[in-house]
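Notes to accompany the following structure.
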Amino acid sequence: MGEQSVNRFSDPVEKRVFTKHLLDDIKALEIMLQESLFEKGIHRIGAEQELVLVNSNWKPSLMGVEILNKIKDEHYTTEIAKFNLEINLDPQEFTKDCFSKMERQLNRLLIKGRKAAHKFDTKFLLTGILPSIRKEDLIFDNMTPNPRYEILRPNLNNNDLQR
């Protein structure tokens, strides 16, 4: 969920234009707050579930993009590492059965995702960070190939990076 397009600033003018747009957005938010333009009389909650993908040896499985393509569900999205995914649940009205609704939706989505992951000899762990993660797992080559994350790479030549 959210906007996936990102740009690296190549000159100071672009950066100033971006900063102006950002400040305009903040000003719009201030106006919305002052004029009470947000939904009233109803409370909603939402949730996301982080997933770590592991292989049969409980090591990170780098099959996130392939699994996501197999799942084909907008509730699933990438995370920064190829061995992470995220499930975004639908917002629910905050009523007596909202948590049950969220649990049912999460379970349905997990069944769908686990079926797809099984085809890649991969399992889901419902955690944000794999407790047994190793330093050698945290390399740029294991980053999800998405411009949103690619922009986090330092501006170094490949010779400058030890992969």
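Quick notes on this one:
- For region 70-112, filtered to residues that are within 17 Å of the chain's Cα centre (by Cα) and among the polar types (S, T, N, Q), the residue that is farthest from residue 152 (Cα to Cα) is 88.
- Residue in region 3-14 that is small (Gly, Ala, Ser), surrounded by fewer than 13 Cβ atoms within 10 Å (Cβ to Cβ), farther than 17 Å from residue 128 by Cβ and in contact with a helix residue (DSSP H, G or I) (Cβ under 8 Å, 6 or more places away or on another chain) present: yes
- Flag if residue 122 is under 17 Å from residue 59 (Cβ atoms) and either in contact (Cβ under 8 Å) with a residue 24 or more places away in the chain or not β-branched (Val, Ile, Thr) (or both): yes
- Residues that are of a type in the set (A, V, I, L, M) and closer than 24 Å to residue 130 by Cα do occur in region 31-51.
- Qualifying positions in region 24-58 - of a type outside the set (A, V, I, L, M), in contact (Cβ under 8 Å) with a residue 60 or more places away in the chain and surrounded by 11 or more Cβ atoms within 10 Å (Cβ to Cβ): 49, 50, 55, 58
- Given (1) of a type in the set (Lys, Arg); (2) at pLDDT 95 or above; (3) under 25 Å from residue 146 (Cα atoms), index of the condition residue 104 fails: (3)
- Verdict on residue 67 being under 26 Å from residue 152 (Cα atoms), in contact (Cβ under 8 Å) with a residue 12 or more places away in the chain, of a type in the set (Val, Ile, Thr) and exposed (fewer than 12 other Cβ atoms within 10 Å of the Cβ): no
- Residue in region 104-111 that is closer than 29 Å to residue 137 by Cβ, in a loop (DSSP other than H, G, I, E, B) and among the aliphatic types (A, V, I, L, M) present: no
- Residues satisfying the stated conditions in region 60-97, i.e. in a loop (DSSP other than H, G, I, E, B), modelled with pLDDT of 95 or more and touching a Ser or Thr at 6+ places or on another chain (Cβ under 8 Å): 61, 63, 82, 83
The values are calculated or read from the model by the stated rules, or taken from the named source; none is laboratory data. Bear in mind that the values here come from a model prediction, so they are computed numbers and not experimental data. Note that we place each Cβ from the backbone using ideal geometry, even for glycine, and neighbour counts take in every protein chain shown.
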